[in-house]
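Working notes for the structure below.
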Amino acid sequence: FTSHRNAMELARVAKKSNPSAQVVVGGPNAGNLGPKILENHPYVDFVVVGDGELSLLGIVVGESPDNIPNVWYRDRAGSIRFTFKQKINLNEQPMFNFEHLVETDIGKYNSRHPSYRNSLDTTPVPISSIRGCIKAAKQGVCSYCSMPMHGVSVMDPENVWRQIAFLNRCYGISEFFEAGDSFTTGNYPEQLLKAKPANLNVSFRIYAIPDTITEETVTIFKEIGVKEIFLGVESTDSHVLQLSNKF
């Protein structure tokens, strides 16, 4: 939401530069606005809702929109329609790499790169091994929630470490940002710790809900390699939110 105007301007320029291009937007803050985005911005062709891997694949290979999951689009008559919801199996996703980037581009992610060694300017690489919010699954979504798809799924810990070890070995990447809504999803941190390879020195930035951070979970976080925990104001209690609104 903080970059909506910039995103729409980029979409407009992209379509103007190449009218035959398929312009796709998505993300957790776009999913609930699919019809409005298409209504207000004619240069956007698709809005992805929820998991986007299969959606992007279908668009790239030229599938009929009706066969592409999780997208809002315009039919031939110009009517705005939604296709169908489909969650992906995180364990069926192939490992990703950075073969498309040149050395100068990958440098900012590489803590061993000469330009960034011993620097605070390296950028954590996002990984997505947790999809969905455990609080929403157990207690219902918050009133401000923009997540269009509900439920929780996680990647097998062995697959998570396989991806991380690959990026560390091939590119020297040692800082990762787990983008899941809450790292403390069930006993997932314990599972990750048990599966962690020996001698793999990496660190993580995570999201967590305050009431799940205990002495026990902090100990597990530390052993996994968590260096930073992001606590959103929306995850605090209603009293704190009321005070925040007053100021």
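The values are calculated or read from the model by the stated rules, or taken from the named source; none is laboratory data. It should be emphasised that the depicted structure is a prediction, and the values quoted were computed from it without experimental measurement. All Cβ positions, even for glycine, are placed from backbone atoms using ideal geometry, and neighbour counts span all protein chains on display. Side chains are part of the model used for accessible areas, which takes the heavy atoms of the whole protein and leaves out ligands, DNA and RNA. Shrake-Rupley method; radii C 1.70, N 1.55, O 1.52, S 1.80 Å.
Students sometimes get this wrong: rank HIS41, HIS150, HIS4 by accessible area, probe 1.4 Å, all chains present, largest first.
Ranking HIS41, HIS150, HIS4 by accessible area, largest first, yields HIS150, HIS4, HIS41.
Taking a threshold of 30 Å on the Cα-Cα distance, which of the pairs LYS85/LYS196; LYS15/LYS227; LYS85/LYS194; LYS87/LYS194; LYS15/LYS138; LYS16/LYS87 fall above it?
Long pairs (Cα-Cα over 30 Å): LYS85/LYS196; LYS15/LYS227; LYS85/LYS194; LYS15/LYS138; LYS16/LYS87.
Highest first, please rank the peptides 79-91, 200-212, 124-136 by the mean number of other Cβ atoms sitting within 10 Å of their residues.
The most tightly packed comes first, giving 124-136, 200-212, 79-91.
Taking K and R as +1 and D and E as -1, what net charge do the other residues with C-beta under 15 Å from the C-beta of ASN91 add up to?
Around ASN91, the charge tally is -2.
Once amide H atoms are placed 1.01 Å from N in the peptide plane, what residues at a sequence separation of 5 or more from SER203, or on another chain, have their amide H within under 5 Å of its amide H?
GLU175, PHE176
For GLN86 paired with ASP211, estimate the spin-label separation in nm (one decimal), with each label point 7 Å from Cα along the Cα-to-Cβ line.
With each label point 7 Å from Cα toward Cβ, the separation is 3.8 nm.
Can you work out the FRET efficiency for the pair GLU228 and ALA77, with r the C-beta to C-beta distance and R0 = 41 Å, to the nearest 0.05?
Approximately 0.25, to the nearest 0.05.
Using 7 Å Cα-to-Cβ label points, what is the VAL13/VAL60 separation (nm, one decimal)?
2.4
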